[in-house]
Amino acid sequence: MVSVYTMNDGLTIPKVGFGTFKAADGEEAYQSTLEAIKAGYRHIDTAAYYRNEESVGRAIKDSGIARDELFVTTKLWNDAHSYEGAKAALAASLERLQLDYVDLYLIHWPNPKAIRDHWQEGNAEAWRYMEEAQKAGLIRSIGVSNFLVHHLEALAKTAKVTPAVNQIRLAPGCYQEEVVDYCRKHDIVIEAWGPLGQGEIFSNADMKALAEKYDKTVAQVALAWSLYEGFLPLPKSVHKDRIKENLDFTDIQLSAEDADAIRHLAGATPAPDPDTKDF
């Protein structure tokens, strides 16, 4: 079984999570989450924006696994960057998930289009509520997603609690060095969303060669690289075989040379700029 990272709040988080982005609400999200839990995943990542919290929650309930053995993450969407907005959003997510608490709650994006001229205030107010909800036991750990250094520094001016996690786009050839270095310096766990890229790594000759060298799949090599770097990958699949396959990589011991080659892989889709996203 995959081991855990210890976060800066003293709590632990499984080193691999199951991503549910683009898993359609209904049977697809329900069955894939259920299969993931059966395969051994104990860390499930969803979001209000994914519109599948109800199905994910139903799968968690039906899995038969004790609540305290599962680590569940959801996220605050861009329409709720205020104290009252965050309060209502968390309550709605908990209701959809049929849970009394979530293990991790993240601000999904740092700079929503609607508050682009005062995003610092929006984040500060949402975070203020999240700190209160953490004290109240509705959230165990609080963090952020897609935050760059200037977003993290702005939040730090008012935050009483340092984010435990920053979930950002990281994959072979997509390495956000500045924010990775900042998070490491401040003991913030770095989660990698889209850790298998946007599909381009599967046709990449270098990744294919490494997969052959290690007698693993391209996906498994990519996930092994995430762990080599100290990241927490969140692979997503709705296919039973791939869900299982994406856990079978922890025996890969990448060489430093191969890890560096993966980090600098050519042709990768770049990370999105949260300050210019059109939502």
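Restricting the search to segment 35-65, which residues are outside any helix (DSSP H, G or I) and either over 18 Å from S145 (Cα atoms) or of a type in the set (A, V, I, L, M, F, W, C) (or both)?
If the condition is that a residue be outside any helix (DSSP H, G or I) and either over 18 Å from S145 (Cα atoms) or of a type in the set (A, V, I, L, M, F, W, C) (or both), then G40, Y41, R42, I44, A47, N52, S63, G64, I65 are the ones that fit.
How many residues does segment 207-220 contain that are under 17 Å from G267 (Cα atoms) and either modelled with pLDDT under 95 or buried (at least 19 other Cβ atoms within 10 Å of the Cβ) (or both)?
4
In segment 134-151, which residues are surrounded by fewer than 21 Cβ atoms within 10 Å (Cβ to Cβ) and in contact (Cβ under 8 Å) with a residue 12 or more places away in the chain?
Answer for segment 134-151, where residues must be surrounded by fewer than 21 Cβ atoms within 10 Å (Cβ to Cβ) and in contact (Cβ under 8 Å) with a residue 12 or more places away in the chain: Q134, G137, L138, R140, L148, V149.
Looking only at residues that are at pLDDT below 95 and hydrophobic (A, V, I, L, M, F, W, C) in segment 22-43, which one is nearest to V238 (Cα to Cα)?
A23
Please go through segment 19-34 and pick out each residue that is under 19 Å from the mean Cα position of the chain (by Cα) and assigned to a helix (DSSP H, G or I).
A29, Y30, S32, T33, L34
For segment 177-193, what are the residues that are in a loop (DSSP other than H, G, I, E, B) and buried (at least 21 other Cβ atoms within 10 Å of the Cβ)?
I188
With the structure loaded, tell me whether E95 is farther than 24 Å from H264 by Cα, surrounded by fewer than 20 Cβ atoms within 10 Å (Cβ to Cβ) and either hydroxyl-bearing (S, T, Y) or over 16 Å from the mean Cα position of the chain (by Cα) (or both) or whether it fails that test.
yes
Given the condition modelled with pLDDT of 95 or more and at positive phi, answer yes or no: does some residue in segment 173-189 qualify?
Yes, because at least one residue in segment 173-189 is modelled with pLDDT of 95 or more and at positive phi.
Could you go through segment 156-170 and let me know if any residue there is among the basic types (K, R), part of a loop (DSSP other than H, G, I, E, B) and surrounded by fewer than 19 Cβ atoms within 10 Å (Cβ to Cβ).
Within segment 156-170, one or more residues are among the basic types (K, R), part of a loop (DSSP other than H, G, I, E, B) and surrounded by fewer than 19 Cβ atoms within 10 Å (Cβ to Cβ).
Just for segment 217-264: of the residues that are of a type in the set (K, R) and in contact with a Phe, Trp or Tyr (Cβ under 9 Å, 6 or more places away or on another chain), which one is nearest to E27 (Cα to Cα)?
Ranking the candidates gives K236 first.
Just wondering, is there one or more residues in segment 154-164 that are of a type outside the set (F, W, Y) and more than 20 Å from N8 (Cβ to Cβ)?
no
Exactly one of these conditions fails for W119: (1) crowded, with 17+ Cβ neighbours inside 10 Å; (2) touching a residue at least 40 places away in the same chain (Cβ under 8 Å). Give me its number.
The number of the failed condition is (2).
Tell me the helices (runs of 4 or more DSSP H) entirely within segment 196-279 that contain at least 2 residues that are touching a Ser or Thr at 6+ places or on another chain (Cβ under 9 Å) and within 21 Å of I37 (Cβ to Cβ).
218-228, 240-245
The values are calculated or read from the model by the stated rules, or taken from the named source; none is laboratory data. Model, not experiment: these values are computed from the prediction. Using ideal geometry, Cβ is built from the backbone for each residue, glycine included, and neighbour counts are taken over all protein chains shown.
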